[in-house]
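The values are calculated or read from the model by the stated rules, or taken from the named source; none is laboratory data. Computed from a prediction, not measured in an experiment: that's the story for all the values here. For neighbour counting, all protein chains shown are included, and Cβ atoms are generated from backbone atoms with ideal geometry for every residue, glycine included. Quick note on the areas: whole protein, heavy atoms, side chains included, nothing else; ligands and nucleic acids left out. Shrake-Rupley method; radii C 1.70, N 1.55, O 1.52, S 1.80 Å.
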Amino acid sequence: MWNSISGRSLPAIIILAAAAEGALAQRMAPVPGIPIDHKLTIEKCGGCHKTDQNGMMGRLSFMRTTPEIWQQTIKRMMRLNGVVATPAEVREIVQYLSNNNGLAPEELETAFWEVDHSLPGHQYDHVPSAVGTTCNYCHTIGRVLLQRRTRDDYEKLASFHVGLFPGAENQFRPRRTQQSSWEVPARIDDPGPNGVVSIAPARIDMKAPYPIDTVIDYLAKNQPLITPEWTAWKATMATPKLAGTWAVSGYQAGKGKVFGTLTIQATGAADEFTTKLQVYYPAKDVTLTRTGKGIVYTGYSWRGRESAESKPAASADPGSNPTEWREAMVVSRDGNGMHGRWFWGGYDEFGIDVTLNRLGSQPMVLGTDLYSLQSPTTSRELRIFGANLPGNLKPKDIDLGPGVTVTRVVKATPSVATVQIAVTNSLPVGIRNVSIGSATAVKALAIYDKVAYIEVTPDASMARLGGAVAAKQYTQLEAIAYAAGPDGKKNTDDDVRLGPVPANWALEELYSTPDDDDVKFVGSVNDSGLFTPAGEGPNPARKKQSNNYPTNNWGDVWVDATYSAGGVALKSRSYLVVTIPQYIRYDQPEVSK
Ligand code: HEC
Ligand code: HEC
């Protein structure tokens, strides 16, 4: 009998026994993971990543991510761990893992900019600051946001960083010590009631969690392996039937709107397609034709590439007519829409933001060449882009809302109607739909009284020196006009965007470092707002630094735009940092091959 041994130690024994039982139960319980049942993956990876009796494979079963990260990891397995696989085998494994251990559409959407290579604002804005400062030091935060793992696997991810890149320790567990106070910044308190500022040596809380502990807590809680979104998506995941013709409408900064069609053809493999593209830039009167291919991962995530039939002649404008571009798009739930970005350039800084709609036999209106019309306008030509538009189009078939009259149909083809319009006086400011018959483009055309102000976009940007060793990173700026909106006041919520306007562009010194004359060295901006950075340097013409080494062409400047509207010069400016090339880059172009 237990209680006959010793009354005093009974509680201790019970606790011990309970603890042992708990540990045993934990060991026996199936680890929540995602079984891997793919022959080639097990063959190539199973030597080190063992499969247990439940089909759980070490590491692989406990994470979900994008094709790009699967590709990157496998490259490392080949580089460091001697995995041998042909490109076709890697492709098959990446496809399997992206489908079996991928992300649900909602999960990808939160950081789609990581895969479409648009470079949005400040990366720290997307996560709590502890995650930003700890994990955004060496790579984008998008890579972190596009992970779903178990807590244990996040811990292993952290250990892998410290093991392979010991520098990570400075972010994960920065050194802290009470003794050497010179390493600890002093704390300067706000002036007290008597106006005295006190300076005290900072107290470091030696018991506070390290940044990595906070980050792992955050990731385990907010980005767990199993989520309702993934469970729901996986249960009904199917390869979308994309074959057919798609209407394309898009926008490229600096080049304006884009309209066209993408024809998608099925191949022998259910999730692989070939493509034929034709797009037209109304503002430039330029047509591009391309052929390409695409792969659909996880039932909705398109990665493709599109190439020119013959290599285009070298152009002074890197933003136009590239030999090849890559594509990242997401297919909508109903399988009839796609949206994403087609991108190119040394840093993928050029791109077309696109929306695709499946074309049937019904007419479709995509948009207009103009962004806005002033009230009043006596006579102006407007092109309306679409598909399956009626041949015998009459003015009465076209609806641009009250006060905007179509006076004449100049020309009508199935994809573009050219019409003459008149706009009456004193129309309310706002954005209108454009309809032909029962087909409508929503919020396609603005009506305004006058341009109230312009704004340069992006309001802050970064370019990189290059040309000799590394590629240049360009920046395309645009001046966007706005009307004040119904309240007549500038910079309020009801302001109406009127589209890009041709501005005069200039660089101006930003006084950050005395006499550094950045504006003479960083590069130049052309009439279309394209900033071209200078060469990498070092530049002997540049003022010596205090250590007497000539420095290179980096710097920060203002980019000024001036646009004259009705005799008034409207101005806006944007902050531009011109920095050195990025010498280490992560890119997985293989996922669209
Ligand atoms: C020779 C042994 C070996 C083989 C074979 C191997 N791996 Fe690994 N794998 C490792 C080691 C060691 C680590 C931990 C260090 C690291 O992450 O690089 C690891 C880690 C991983 C991780 C976790 C990485 C992360 O993001 O945290 C994944 C995923 C992975 N391997 C996938 C694969 C795949 C897929 C294959 C087969 C194509 C494969 N491995 C084959 C040794 C191997
Ligand atoms: C010291 C630099 C550094 C810091 C800090 C850092 N990373 Fe990384 N991380 C890397 C490098 C380098 C790789 C790419 C490894 C390779 O070449 O395959 C990587 C890869 C990754 C990957 C992809 C996994 C894979 O298998 O390649 C993830 C996810 C990731 N890091 C998450 C994080 C998180 C979360 C943090 C913050 C806790 C973080 N990183 C902080 C350098 C860093």
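Observations on the structure shown:
- For the chain, DSSP calls about 95 percent of its internal beta bridges antiparallel.
- For the chain, the dipole from Cβ point charges (+1 on Lys and Arg, -1 on Asp and Glu) about the Cα centre works out to 1020 debye, to the nearest 20.
- Relative contact order of the range 39-171: 27 percent, from C-alpha pairs under 8 Å at least 6 residues apart in sequence.
- Relative contact order of the chain, defined on C-alpha pairs under 8 angstrom at six or more residues apart (%): 9
- Look at the alpha carbon pairs under 8 Å that are at least 6 residues apart: their mean separation over the length of the range 298-395 gives a relative contact order of 18 percent.
- Global geometry of the range 353-406, whether rounded, prolate or oblate, following the gyration tensor of its Cα atoms and the 1.5 cut on a/c: oblate
- Residue-normalised accessible area of the range 320-465, given per residue in Å² at a 1.4 Å probe: 44
- Kyte-Doolittle mean at least 0.5 and Cα axial length at least 15 Å: DSSP H helices in the chain: 10-28
- 1.4 Å probe accessible area per residue over the range 39-171, in Å²: 46
- For D125, the accessible area of its heavy atoms, probed at 1.4 Å with every protein chain present, is near 120 square angstrom.
- Euclidean distance of C-alpha centroids, the range 207-228 and the range 464-478, integer Å: 37
- Looking at the range 493-573, the accessible area is 57 square angstrom per residue; that uses a 1.4 Å probe and ignores ligands, DNA and RNA.
- Ordering of 357-368, 255-266 by burial proxy (mean other Cβ atoms within 10 Å per residue, highest first): 255-266, 357-368
- Reducing the range 493-569 and the range 95-130 to their Cα centroids gives an inter-centroid distance of 32 Å.
- Accessible surface of the chain, 1.4 Å probe, proportion on carbon and sulfur as whole %: 56
- Helical mean residue ellipticity (222 nm; -39500 (n - 2.57) per DSSP H run of 4+; nearest 500) of the chain: -5500 deg cm²/dmol
- Within the same chain, lysines fewer than 8 places from K44 are excluded, and of the rest, those with a Cα less than 29 Å from its Cα are K75, K156, K234, K293, K593.
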